[in-house]
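Here's the structure, in structure tokens; my notes come after.
The values are calculated or read from the model by the stated rules, or taken from the named source; none is laboratory data. Since the structure is predicted, the reported quantities are computational estimates derived from the model, not experimental observations. Positions of Cβ are generated from backbone atoms using ideal geometry, with glycine treated the same way; all protein chains shown enter the neighbour counts.
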Amino acid sequence: MVGCRSLLLVVVVLIFAARLASISPPSNDSANGASGGVGNDVFENTAIQDAGDADKIATVLNDQIAAWNRDDLKAFMATYWNSPDLTFSAGGQTTRGWQATMDRYAGRYPVGNMGQLNFDGLEISLLGADAALVLGNWHLEQDSEKMDGNFTLVLRRIEGKWLIVHDHSSSLEKK
């Protein structure tokens with residue numbers, strides 16, 4: 001059953017990414033855009049505008065980690081698409097919109113006590129010239145509590161910047 005769910009999740013994410021790749025973002029919607037390795041492109045015959053796209057996406061993730069670790073939630077959120085169409089899924093719920101996602105983070109991780117974030121196990125797969133899928137693990141230490149989980153991100157190149165348009169993060173169950 002778990003294998004079927006995983007396969008279904010991958011199919012849904014790929015369909016979502018393909019749909020996003022075909023949508024033209026509004027011209028006035030923008031946001032600014034970590035440690036980990038870059039995985040190989042697993043999709044054959046993918047149109048890639050720039051061989052450095054995976055490195056640019058890794059830089060976005062590194063920027064997220066650096067912003068988080070200096071308690072700069074605004075800079076952290078600058079890596080997300082500033083749009084009401086942004087989606088963030090965690091804990092069995094989906095938050096829609098950049099502002100709602102910002103508010104969710106601010107409520108859970110107050111500035112001055114956001115903790116120390118790190119990513120590893122990154123796999124960056126380019127889905128096309130302007131879309132990518134990222135899988136990875138997150139690790140957060142906050143008030144001597146250690147939390148771990150994994151994530152799936154869909155990024156799009158919007159107005160020349162790689163931005164997160166969908167984030168699905170899960171916490172690992174403590175044993």
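Details
- Taken together, the criteria exclude ARG104 from residues that are in contact with a helix residue (DSSP H, G or I) (Cβ under 6 Å, 6 or more places away or on another chain) and of a type in the set (D, E, K, R).
- Qualifying positions in region 150-175 - within 18 Å of ASN118 (Cα to Cα), of a type outside the set (S, T, N, Q) and at pLDDT 95 or above: PHE151, LEU153, ILE164, ASP167, HIS168
- Evaluated against (1) more than 15 Å from the chain's Cα centre (by Cα); (2) within 21 Å of LEU127 (Cβ to Cβ); (3) modelled with pLDDT under 50, GLY33 falls short on exactly one condition, (1).
- Counting the residues of region 98-119 that are crowded, with 17+ Cβ neighbours inside 10 Å and of a type in the set (A, V, I, L, M) gives 3.
- Complete set of residues in region 53-91 that are assigned to a loop (DSSP other than H, G, I, E, B), more than 14 Å from the chain's Cα centre (by Cα), at pLDDT 95 or above and of a type outside the set (Asp, Glu): ARG70, SER83, PRO84
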